[in-house]
Structures are given as structure tokens and as C-alpha cells.
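The structure under discussion appears below in the form of C-alpha cells.
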Amino acid sequence: MQTSQDMLTTMQTQALEAIRTGQAATLEAVKNWSETVAKMAPAAPAAQVPAEFTAAFGEPSEIIDSVYDFAGQLLELNKKFVHDLLEASKAAQAK
């Protein structure tokens, strides 16, 4: 018999797999679109980020890394906070 935790883990695994599948399909579509456009207009210059943007904000890949690193830190901070709240509520109940 499956426990609630087992069911939650199964649902999370299925959700992550659905997201991975969707991302893979989107990536494949963008690659195909890019290749098709390149064949139709081979002389067109590649898309580039304006130098002013890069000078002001950094490389797009660095911005992405920075934003996701911050989000990861925020999630870890919130996770610790919720665990601390749980412990605090247990301590109050024990008195």
C-alpha cells in the first residue's frame, strides 16, 4: 500500500518528467526553426545582444546564472525557515 509520501513523490516525479518532456519539445522546435530560417536566409547576420546591453548588464548567460543562483538561495532560505517554524511549533507543544 502506498503512503501519502509515496504518492507525493510519484506525483512530483511525474510533474518533473512532464516539464522535461515539454522543455525538450520546445528546444527541438526552436532548433528546427533556427535551422530552417538559416537555410532560407543564409546571408542574414546572426542575432546578437546589443553591446550597450552587455556592457550594462553582462552576458545573457551570466544574467541567467545569477538569477537562478539567487532563486536557489531563496528556496534554501525559505526551506530552512519552514523547518525552523516546524521545530518552534514542536517546542511550544512540548511545554
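No value in this document is a laboratory result; all are computed from the given coordinates. Fair warning: this is a prediction, and the values are worked out from it, not measured in the lab. Counting neighbours? That spans all protein chains shown, and the Cβs are built from the backbone with ideal geometry, glycine included.
A few comments on the model shown:
- Residues of the stretch 45-60 satisfying the condition of being surrounded by fewer than 10 Cβ atoms within 10 Å (Cβ to Cβ) and assigned to a helix (DSSP H, G or I): ALA51, GLU52, ALA55, ALA56
- Residue within the stretch 61-73 that is assigned to a helix (DSSP H, G or I) and touching a helix residue (DSSP H, G or I) at 6+ places or on another chain (Cβ under 8 Å) present: yes
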